[in-house]
Structures are given as C-alpha cells and as structure tokens.
Amino acid sequence: MNIAVTFKHIDSSDAIRQYAESKFQKLEKYLSNIMDAHITLSIERVDHKESGIAQIKLTAKNLTVNAEEKSADIYSAIDLLLEKVESQIKKHKEKMRRKEHVEEGAGLFSETADSDSALDIAIKDDYERQPLTVKEAVHKLEKRNRDFIIFKDKESSKVSFIFRGDDGEISMITPEF
C-alpha cells in the first residue's frame, strides 16, 4: 500500500507522519487490495480554538473511501479517522459477502447425487425471508411469474409452500414438523 501524507496549515512533522502511516498500515489486515491512501492533516482555527482535521482518500480494487474527522488535536483526529475508515471497510466487506451469498444461491446448478446415478438436483435459494400472509404470498407468486414460493405464514408462523400445478391451479402445503 502506498501511503502519502500531506500537511496543510501545519508544520510537517516526522512524528505525526510516522504515527499516521503506522495507524493506516493496519488497514491491510481488513482489505488486502489497497492501492493508495492519501492522508491530509491540517489545523483549523475557529474562535481562537485550534482543532486537528484528518482526511483520507483510500483507493482499493472496487472501493474508494473518502472520510474526514475533527478533534481537539491531530493525533486524536487520526485515531477517529482510522475508526471511521475501518467501519466503512467492514461494511463494504459484509455487503460483498452478502452479495456473493445471494449470487451463489440465486444461480441454478446441478449436483450429481451418486456417480452412477443420472439424478440431477437443482438447488435454489428462493424463499421469502419476511413473514407474509397467504394473500401476499399468492400475490408475489403471480407478480414474479414463478411456479412456487416458500414463505413463513404471518398468522401461523409456520413455513408454507404455495405452488401452481400443471393445470394452473394454486395450492398450498404447510408441513407439520
């Protein structure tokens, strides 16, 4: 990772530069494909009070993070900025993890049950995560133009299965466990 530290309205200091670089090197444990991190450190004076401002533009594969933090001194601004960037990276990774999970489950693929068998099983992640009434489930079945829907019934709190038969008639199964 290439880290550049820029100072604005503040004298450049090797101690501050090393502190910022060492803090942001730790981000590589969360995200291995970070290309550049440009950190800008400055001091702002408002009503005779100084406050440290730390800004970052972090560039990684498929991710750009822009963040800014203010604090009473520059060191605490750097610490707050690091926490904010870590949080954004964790959210991004979780979002990507959920997206990958949905893409894996949404695709249709076959598995052979036995090497001698010609049985193919299609595995789908196709169910409603939110509880629905039977009426809502039938509406979603029609809207999506699917042959079936699996959902949790709002009234009975049981998992139910609504499907359209070959004759076009809609039926419901609620298994007892």
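Only the coordinates and a few stated rules stand behind these numbers; no lab work does. Since we're looking at a predicted model, the values are computed, not measured. As a convention, Cβ positions derive from the backbone with ideal geometry for all residues, glycine included, and neighbour counts pool all protein chains shown.
Tabulated data for the structure shown
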item: Some residue of region 28-38 being surrounded by 13 or more Cβ atoms within 10 Å (Cβ to Cβ), out of contact with any strand residue (DSSP E or B) (no Cβ under 7 Å at 6 or more places or on another chain) and within 24 Å of M96 (Cα to Cα); result: yes
item: Filtered residue count, region 64-91, keeping only those that are in a strand (DSSP E or B), under 23 Å from the mean Cα position of the chain (by Cα) and surrounded by 16 or more Cβ atoms within 10 Å (Cβ to Cβ); result: 3
item: Tally of residues being in contact with a helix residue (DSSP H, G or I) (Cβ under 7 Å, 6 or more places away or on another chain) and within 19 Å of I10 (Cβ to Cβ) across region 24-42; result: 4
item: Options I43, I34, I39: the member that is over 26 Å from the mean Cα position of the chain (by Cα) and of a type in the set (V, I, T); result: I43
